[in-house]
Amino acid sequence: MKKNIFITVLLFIVTVAFSQKSQRLAYIDMDYILDNIPEYIEAQNALNAKVEKWKNKLDKEARKIEVLKTDLSNEKAILTKELIEEREEDIQVKQEALRRLESLYFGPRGDMFNLRKQLIQPVQDQVYNAVQDIASKKKYDFVFDKSSDLVMLYSNKKHDISDLIVKLIRIDQKQQNKKEKIEAKKELLANKNISEKQKQREALKQKKIKEREERIKKIEEQRKARLKAQADKRKLLMEKKEALRKAKEKEKAEEKKNQEENK
């Protein structure tokens, strides 16, 4: 019904257009345009990969539920009423969770809708902006989309501005890429300057760390030397004491021996 109404309105517009020589018409082939925009193809591939991943997850969960149903059907004869009700409730909970997950992925405002908006919308906006730009410059009164539900019984190629749209988008992309490269170069230079300063700070930091380690090493060597000197001194003192003790013992032994001989 809506399609018929649209066609009727279109025929009316075309009739009015031909009755007024100043009116200009053009059309585009949206499918052709999008197929010639690499960013759109990449976005569509990314979206398709994500959708496939979601579908596989849903299928996996659905197969698990089917296994539970089959197991319950095969084991019903040996299960009590309570166990049957418990497993049926478990299956029902899992089915409800699966429906919620499916709605989360593919619902009206689900992940697919949001991801499509994030990936595809910017490219489509580029196309619409290019159409408006060219239509304004070429002074077209109407621009139709050949690949939509619109039924075009005849179209003259000279009114097809699809290539102009693609060309304009590519020019905009080149300008944007050039701008991004300039910004990236500026950022790289800025980072390089920062990097040089960071290197200088790091070198100074490492130098200070090395000097500190050397000071600590020197202090430690001096400490060990003092400890060794003290140990050597104590050892020498102990040796002297031991020699003196032995000398006294020897003297006493000789004195005792002399006393015994005198008796």
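With all protein chains present, calculate the accessible area of residue 96 using a 1.4 Å probe and round the result to the nearest 10 Å². So the heavy atoms of residue 96 present about 80 Å² to solvent.
Kindly flag which residue pairs out of 117/139; 117/181; 50/117 have an alpha-carbon separation exceeding 19 Å in this structure. Over 19 Å apart, Cα to Cα: 117/139; 117/181. Segment residue 103..residue 185, full-extension length gain: 25.0 nm, with 0.36 nm per residue of separation and the alpha-carbon distance subtracted. Computed with a 1.4 Å probe over protein heavy atoms only, the accessible surface of the stretch 199-261 comes to 103 Å² per residue. According to the Cα-based calculation, Rg over Rh for the stretch 34-86 is 1.46, with Rh computed by the Kirkwood formula.
Each residue, residue 67 and residue 209, gets one label point 7 Å from its Cα in the Cβ direction; the gap between the two is 5.3 nm.
Counting every alpha-carbon pair across the stretch 208-263, the share separated by more than 17 Å comes to 64%. Summing +1 for each Lys or Arg and -1 for each Asp or Glu among the other residues whose beta-carbon sits under 13 angstrom from that of residue 41 gives -4. With 5 Å bins beginning at zero, the pair-distance distribution over Cα atoms of the stretch 17-114 amounts to 2, 10, 13, 12, 10, 9, 8, 7, 7, 5, 4, 4, 3, 2, 2, 1, 1, 0 %.
The values are calculated or read from the model by the stated rules, or taken from the named source; none is laboratory data. All values derive from a computational prediction rather than experimental measurement. Virtual Cβ from ideal backbone geometry, glycine too; neighbours counted across all protein chains shown. Calculation scope for accessible area: heavy atoms of the full protein, side chains included, ligands and nucleic acids excluded. Shrake-Rupley method; radii C 1.70, N 1.55, O 1.52, S 1.80 Å.
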